[in-house]
Amino acid sequence: MLHRLDEIRARHREDALQRGINPRDVDILLGDLLGKSLSWLFAHGDAPVDAAPLLALLARRYEGEPLQYIRGRADFYSREFLVDARVLIPRPETELLVEAALERAPRGGRVVDIGTGSGCVAITIERERPDLHVVSVDRSVAALAAARTNRERLGSHVRLAASDLLSSVRGTFDLIVSNPPYVPLGEYEQLATEVRIHEPRIALTPGPRGTEIVERIFDEARTHLKPGGHVILEVGYGQERALRELTGARGWTIDAFLPDLAGIPRVVVSSRHAQ
């Protein structure tokens, strides 16, 4: 049965609000179903629309499935990446990691992205700086398949490889970058349902401390980082002190801690200049 678009919007936006869901999700899903922009929705309230397909998508949203998985895509650094439950949803904070890498990568340099997931970090770095030679690794074959799809869609030349961190990687790099799992296990168990239930656990928590993978990256980077190179990692809230301690104990120098828009130290830039 067809109903006026404005009636459908009003009814389901109110329902979403009552359920604690952003009403804008209703408009986004409607726009996807109709193949129209949000501005078109606002201007064509009298258009006849079948609400059934929207109800099916909203049922998934109300059960906690992230909007990005329902849509099958997410925006990152002005590009659209295909995403699903195989990979972590790209987040705005991670764009800071990309910016730090772009600023520090030498012309024609080699970059490796550890735990690439959707490929958003590696592909963005390579597309913004085609002079760079970027390798993208993940131990999840399913995640690599998702990254391969995004690589082909976006015309990227990133090289993909299966590797548990750097264990299967050969050669040295000017930059080693990663958005590793860094949520301590206790905090992971308190995350919102749509994150804890739907996003891959392996991409979120490495164990009780939250720094287990970060520690391994610094240990393995010793033999894979060129002189004068940098390790650039995204880290979690409240981890600055732990990062300073573990890098210092391993002979690394922290060159910068970069804050996100909320002022939280989010990206750490390290080197071994002081060897």
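Per residue, how much accessible area does the chain show when a 1.4 Å probe rolls over the protein heavy atoms, in square angstrom?
For the chain, the solvent-accessible area averages 47 Å² per residue.
Counting only helical runs of four or more DSSP H residues, what would the 222 nm mean residue ellipticity of the chain come to if each run contributes -39,500 (n - 2.57) and the total is spread over all its residues?
That calculation yields -11000 deg cm²/dmol at 222 nm.
Where in segment 117-185 are there trypsin sites (Lys or Arg not before Pro) that are in a DSSP coil and have at most 11 other Cβ atoms within 10 angstrom of their Cβ?
For trypsin sites (Lys or Arg not before Pro) across segment 117-185 that sit outside H, G, I, E and B with at most 11 neighbouring Cβ atoms in 10 Å, the list reads R170.
Mind checking the angle between helix 52-62 and the chain's longest principal axis? C-alpha axes, 0 to 90 degrees, to the nearest 10.
The answer is roughly 40 degrees.
Roughly how many debye, to the nearest 20, is the charge dipole of the chain about its Cα centre, given +1 on each Lys and Arg Cβ, -1 on each Asp and Glu Cβ, and no other charges?
680 debye
Under a 5 Å amide H to amide H cut-off, with H placed in plane at 1.01 Å, what residues pair with L88 once short-range neighbours are removed?
S118
Work out which GluC sites (Glu not before Pro) in the chain are exposed loop sites (DSSP not H, G, I, E or B, at most 14 other Cβ within 10 Å) and give the longest gap free of them.
Answer - 64-188.
For the chain, find the longest principal axis of its Cα atoms and tell me its angle to the long axis of helix 141-153, 0 to 90°, nearest 10.
70 degrees
Residue by residue through segment 202-208, which ³J(HN,Hα) values in whole Hz follow from phi under the Karplus form 6.51 cos²θ - 1.76 cosθ + 1.60 (θ = phi - 60°), with glycine and proline marked x?
With coefficients 6.51, -1.76 and 1.60, one gets 4, 8, 10, 10, x, x, x Hz.
How much of the accessible area of the chain, in percent, comes from carbon and sulfur atoms when a 1.4 Å probe is used?
50 percent
As I understand it, the value is the acute angle between the Cα axis of helix 24-34 and the longest principal axis of the Cα atoms of the chain; what does it come to in degrees, rounded to 10?
With rounding to tens, the tilt is 70 degrees.
Using the Karplus curve 6.51 cos²θ - 1.76 cosθ + 1.60 with θ = phi - 60°, work out ³J(HN,Hα) for each residue of segment 217-228 in order, rounded to whole Hz, and write x for Gly and Pro.
So the J values, rounded to whole Hz, are 4, 5, 5, 6, 5, 3, 9, 10, 9, 5, x, x.
How far apart, in nm, are two points set 7 Å out from the Cα along the Cα-to-Cβ line at R196 and at T172?
So the two model labels end up 4.5 nm from each other.
The values are calculated or read from the model by the stated rules, or taken from the named source; none is laboratory data. Bear in mind that the values here come from a model prediction, so they are computed numbers and not experimental data. Every residue, glycine as well, gets a Cβ built from its backbone with ideal geometry; the counts of neighbours run over all protein chains shown. Side chains are part of the model used for accessible areas, which takes the heavy atoms of the whole protein and leaves out ligands, DNA and RNA. Shrake-Rupley method; radii C 1.70, N 1.55, O 1.52, S 1.80 Å.
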